[in-house]
Amino acid sequence: MKNLQVAQMFAEIADLLDIKGDDPFKIRAYRRAAQSVSVLADPIEDYHAGGRLGEIPNIGKALAAKIAEKLDTGTCTYLEKLRAELPAGLLEMLDIPGVGARTVALLYHQLGVKNLDELEQAARAGRLRNLPKLGEKTEQNILSGIPQVRNRRRRTPSWQAWPVARDLAAMLSQDKSVRRVEIAGSLRRYRDTVGDLDLVAVSEEPAAVMDAFTKLPGVGEVLALGETKTSVRTQTGLQVDLRVVRPDQFVTALHHFTGSAEHNTQLRHLARTKGIRVSEYGLFRSPEEGGKEVGAEPTSPDLAVPPEADRLPVADETEIYHHLGLDYIPPELREGSGEIDAAARGRLPDLLELSDIRGDLHVHTTASDGLFGIEEMVEAARSRGYDYLAITDHSKSLAMVHGLDEARVKEQAAAIRSLNARLEGFRVLSGIEVDILPNGNLDLEDGCLADLDVVIASIHSGFRQSAGELTARLVGATKNRHVDIIGHPTGRIIGKRDAYALDTEALFEAAAKTGTVMEINSSVERLDLSDTLSRRARDFGLRFAINTDAHDQDRLDEMFFGVKVARRAWLSATDVVNTRAAADLLTALKG
Ligand code: DGT
Ligand code: CA
Ligand code: CA
Ligand code: ZN
């Protein structure tokens, strides 16, 4: 199965075109194609053999031809041509915080810098500061960013791990020795980054499964090969642990390897007090552990497998929890942070569901840096079953993306009013993502903001100010009576830029006073606020908006990941303003 290779081929083409400054629609077409191919359940070879490549979403004639060529010949002439035009080292430069395709192109064309090492030398020699739009500060940031790129790669952003895990699971489940494969570990708990991937397979022929696993396409080095566990590294450097279990062990094995380790440990302690032993092999009655008569045990309790006669039946994970007197705990909550106690007392939150979301309050259009017009974004929102959509383009200080000034905001709001007059059963909300300037002022006049339905205030520049200055900017924004939502509050880009130095406690306290809503930005690179910060914000009584910040139609789907963050933060629908009907929402925002 060559799905992964084909997806990577398209992703590389997209990056190279981006550095070349090619057409954004074309670049996006390649990124979408990479995505579609990476989530295909069947081998792409089957599509090719059946003449059905065109049936894959986002694959038109030209892309189908490239796939066919890759499968038939092992190469893609177009990619080879792009690679010949640009040095390979440019791609890793894209990983430096604050360095995008445009900067990479500039560094390459003006200085001939071709990779991280050369970039580091040039920056040390002070050769970057005189380039247009760069300056001494950027030079310094690049210098401090390079070691980050080298050191990173310890944890992988989950959005990159998902397609790999799905591909491997799908390929493996096609082997005839395998009955079933499931994704476990931190990925199943929807953590935002993962250390490695964990798969659990059910089979009565473990050796055959291990053999098939190590031979899957995309698998590089075999790190450990055992009877029940095998670890490999993919060609892209991700470790994958596979456990193979018997059918009767499946439920407890999946549970065990979903973790977290802390959750498992706490659960095992609780089980002991109830005379039950929990392990990956099963749930067992263990009277000597519950009663007073603690018998001498020959081996460690976690290594010995108890007699089959003591096995408790568990048809699914819910039954594991019920045997222990607990409500079912969803994977997102299994972090050992109070969930077991809450489950024992029937106090788990009624977690937010994707279907609770009634609209998206943060999207961009062609008026700033989006790829679609208002009506196209509305159409995409309607097709997702939403009741409303807020149009929140950038404000004027972001000149590079044609941010809106007061006059254009007014014009856009008028266009939205007349669009609403034509729409039935859907409401477009006028809005803006107004910049919080480095000096703390908002980028647009109060009078302009007052006329809008939704005002998001965000920071897009001056990230490297002191914690005091950054906090003061955000706290200042919460105090403006027209600001409804703080957008991507910490500015982190997963695996690329850390959250900025910021006193989040002070921000939450200020937002609680003014009733300002915190955004959970669901864009997969951001997920900002994070799960832990969102849970903390909830302690302050704050409300949340779960938004995608989509710059095109497809990325409205990333709402899914924002909802996962909210669930990991123990949020219910009542904590989230965009679960309300439009009229209710507007009252909540203005109240
Ligand atoms: P990661 O890979 O760092 O993102 O996090 P996990 O949670 O996927 O951790 P991993 O891959 O080391 O192990 C997968 C699961 O296996 C883990 O969540 C719980 C279980 N597990 C692994 N080692 C231990 C352990 O030493 N004790 C217990 N109780 N469970 C463990
Ligand atoms: Ca893992
Ligand atoms: Ca693991
Ligand atoms: Zn933004």
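The values are calculated or read from the model by the stated rules, or taken from the named source; none is laboratory data. Please read all numbers here as calculations on a predicted model, not as lab measurements. For neighbour counting, all protein chains shown are included, and Cβ atoms are generated from backbone atoms with ideal geometry for every residue, glycine included. These area figures cover heavy atoms from the full protein model, side chains too; ligands, DNA and RNA do not enter into them. Shrake-Rupley method; radii C 1.70, N 1.55, O 1.52, S 1.80 Å.
For region 1-22, name all the residues that are in contact (Cβ under 8 Å) with a residue 12 or more places away in the chain and outside any helix (DSSP H, G or I).
Residues of region 1-22 that are in contact (Cβ under 8 Å) with a residue 12 or more places away in the chain, as a first pass: 1-21.
Residues satisfying the conditions are MET1, LYS2, GLY21.
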Identify, please: which residue in region 363-412 is open to solvent by less than 20 Å² (accessible area, probe 1.4 Å) and among the hydroxyl-bearing types (Ser, Thr, Tyr) and is, among those, nearest to PHE560 (Cα to Cα)? TYR388
For ILE27, state whether it is open to solvent by less than 60 Å² (accessible area, probe 1.4 Å), in a helix (DSSP H, G or I) and over 21 Å from PHE372 (Cα atoms). no
If GLU136 satisfies every condition in (1) surrounded by 15 or more Cβ atoms within 10 Å (Cβ to Cβ); (2) farther than 21 Å from ALA224 by Cβ; (3) away from ligand 2 (no atom under 16 Å from the Cβ) but one, which is the exception? (1)
So which residues in region 244-281 are under 20 Å from VAL202 (Cβ atoms), away from ligand 3 (no atom under 16 Å from the Cβ), of a type in the set (Val, Ile, Thr) and not in a helix (DSSP H, G or I), if there are any at all? VAL278
I need the full set of residues from region 191-209 which are within 16 Å of ligand 3 (Cβ to nearest atom) and either surrounded by fewer than 18 Cβ atoms within 10 Å (Cβ to Cβ) or not small (Gly, Ala, Ser) (or both), in order please. ARG191, THR193, VAL194, GLY195, ASP196, LEU197, ASP198, LEU199, VAL200
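From the list ALA537, ALA512, ALA550, ALA581, which one is within 30 Å of ARG32 (Cα to Cα) and at pLDDT 95 or above? Steps first, answer last, please.
Values: ALA537 fails: within 30 Å of ARG32 (Cα to Cα); ALA512 fails: within 30 Å of ARG32 (Cα to Cα); ALA581 fails: within 30 Å of ARG32 (Cα to Cα).
Criteria check complete, one pass: ALA550.
Can you confirm whether region 421-428 contains a residue that is within 15 Å of ligand 4 (Cβ to nearest atom), under 26 Å from GLU406 (Cα atoms) and open to solvent by less than 20 Å² (accessible area, probe 1.4 Å)? Give the steps one after another, and end with the answer.
Within region 421-428, the first condition is being within 15 Å of ligand 4 (Cβ to nearest atom), and the residues that meet it are none.
No.
Can ASP327 be described as modelled with pLDDT of 95 or more, of a type in the set (Asp, Glu) and more than 24 Å from ALA201 (Cβ to Cβ)? I'd like the intermediate steps shown before the answer.
On the way: modelled with pLDDT of 95 or more: yes; of a type in the set (Asp, Glu): yes; more than 24 Å from ALA201 (Cβ to Cβ): yes.
Answer is yes for this residue.
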Working only within region 196-209, note down all residues that are in a loop (DSSP other than H, G, I, E, B) and within 21 Å of SER158 (Cα to Cα). ASP196
Considering residues that are of a type in the set (Gly, Ala, Ser) and open to solvent by less than 10 Å² (accessible area, probe 1.4 Å), the number found within region 455-478 is 3
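Any residue at all in region 32-41 that is part of a helix (DSSP H, G or I) and loosely packed, with under 12 Cβ neighbours inside 10 Å? Steps first, please.
Taking region 32-41 and keeping what is part of a helix (DSSP H, G or I), we get 32-38.
Subsequent filtering for residues that are loosely packed, with under 12 Cβ neighbours inside 10 Å retains none.
No, that holds for no residue.
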Go through region 159-169 residue by residue and tally those that are open to solvent by 10 Å² or more (accessible area, probe 1.4 Å) and touching a helix residue (DSSP H, G or I) at 6+ places or on another chain (Cβ under 8 Å). 5
Expected single match for surrounded by 15 or more Cβ atoms within 10 Å (Cβ to Cβ), touching a residue at least 60 places away in the same chain (Cβ under 8 Å) and not assigned by TED's automatic domain parsing to the domain that holds GLY491 among LEU106, LEU119, LEU91, LEU128 is LEU91
PRO57 versus (1) more than 20 Å from GLY218 (Cβ to Cβ); (2) assigned to a helix (DSSP H, G or I); (3) not aliphatic (A, V, I, L, M): which is the lone unmet condition? (2)
Can you list residue pairs whose Cβ atoms sit under 9 Å apart, with the first residue in region 230-255 being within 16 Å of ligand 4 (Cβ to nearest atom) and the second being of a type in the set (A, V, I, L, M)? Count only pairs 6 or more apart in sequence or on different chains. none
Could you list, in sequence order, the residues of region 541-557 that are part of a loop (DSSP other than H, G, I, E, B), within 16 Å of ligand 4 (Cβ to nearest atom) and more than 10 Å from MET377 (Cβ to Cβ)? THR548, ASP549
Output the number of the condition that LYS496 fails; it satisfies all remaining conditions of (1) open to solvent by 20 Å² or more (accessible area, probe 1.4 Å); (2) of a type in the set (Lys, Arg); (3) at pLDDT 95 or above. (3)
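Just checking, which of GLY54, GLY60, GLY74, GLY100 is over 28 Å from GLN553 (Cα atoms) and not hydrophobic (A, V, I, L, M, F, W, C)?
Only one candidate qualifies: GLY74.
Out of region 170-187, which residues are over 20 Å from PRO247 (Cα atoms) and open to solvent by 50 Å² or more (accessible area, probe 1.4 Å)?
At the first step, the residues of region 170-187 found to be over 20 Å from PRO247 (Cα atoms) are 186-187.
Of everything in region 170-187, nothing turns out to be over 20 Å from PRO247 (Cα atoms) and open to solvent by 50 Å² or more (accessible area, probe 1.4 Å).
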Residues (within 13 Å of ligand 2 (Cβ to nearest atom), in a loop (DSSP other than H, G, I, E, B) and out of contact with any Ser or Thr (no Cβ under 8 Å at 6 or more places or on another chain)) located in region 172-195: none
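Restricting to region 196-207, what's the tally of residues that are more than 7 Å from ligand 2 (Cβ to nearest atom) and either closer than 26 Å to TRP570 by Cβ or out of contact with any strand residue (DSSP E or B) (no Cβ under 8 Å at 6 or more places or on another chain) (or both)?
3
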Restricting attention to region 210-237, and to residues there that are within 15 Å of ligand 1 (Cβ to nearest atom), in a strand (DSSP E or B) and not aliphatic (A, V, I, L, M), which single residue is surrounded by the most Cβ atoms within 10 Å (Cβ to Cβ)? THR230
Looking only at region 337-362, which residues are part of a helix (DSSP H, G or I), closer than 15 Å to PHE560 by Cα and not small (Gly, Ala, Ser)? LEU354, ASP356
In region 297-324, what residues are modelled with pLDDT under 95 and either of a type outside the set (A, V, I, L, M) or not assigned by TED's automatic domain parsing to the domain that holds HIS255 (or both)? GLU297, PRO298, THR299, SER300, PRO301, ASP302, PRO306, PRO307, GLU308, ASP310, ARG311, PRO313
Consider LEU556 carefully, then state whether it is surrounded by 23 or more Cβ atoms within 10 Å (Cβ to Cβ), in the same structural domain as PHE508 (by TED's automatic domain parsing) and among the hydrophobic types (A, V, I, L, M, F, W, C). no
Please tell me if ARG538 is surrounded by fewer than 23 Cβ atoms within 10 Å (Cβ to Cβ) and either within 16 Å of SER355 (Cα to Cα) or not assigned by TED's automatic domain parsing to the domain that holds ALA512 (or both). no
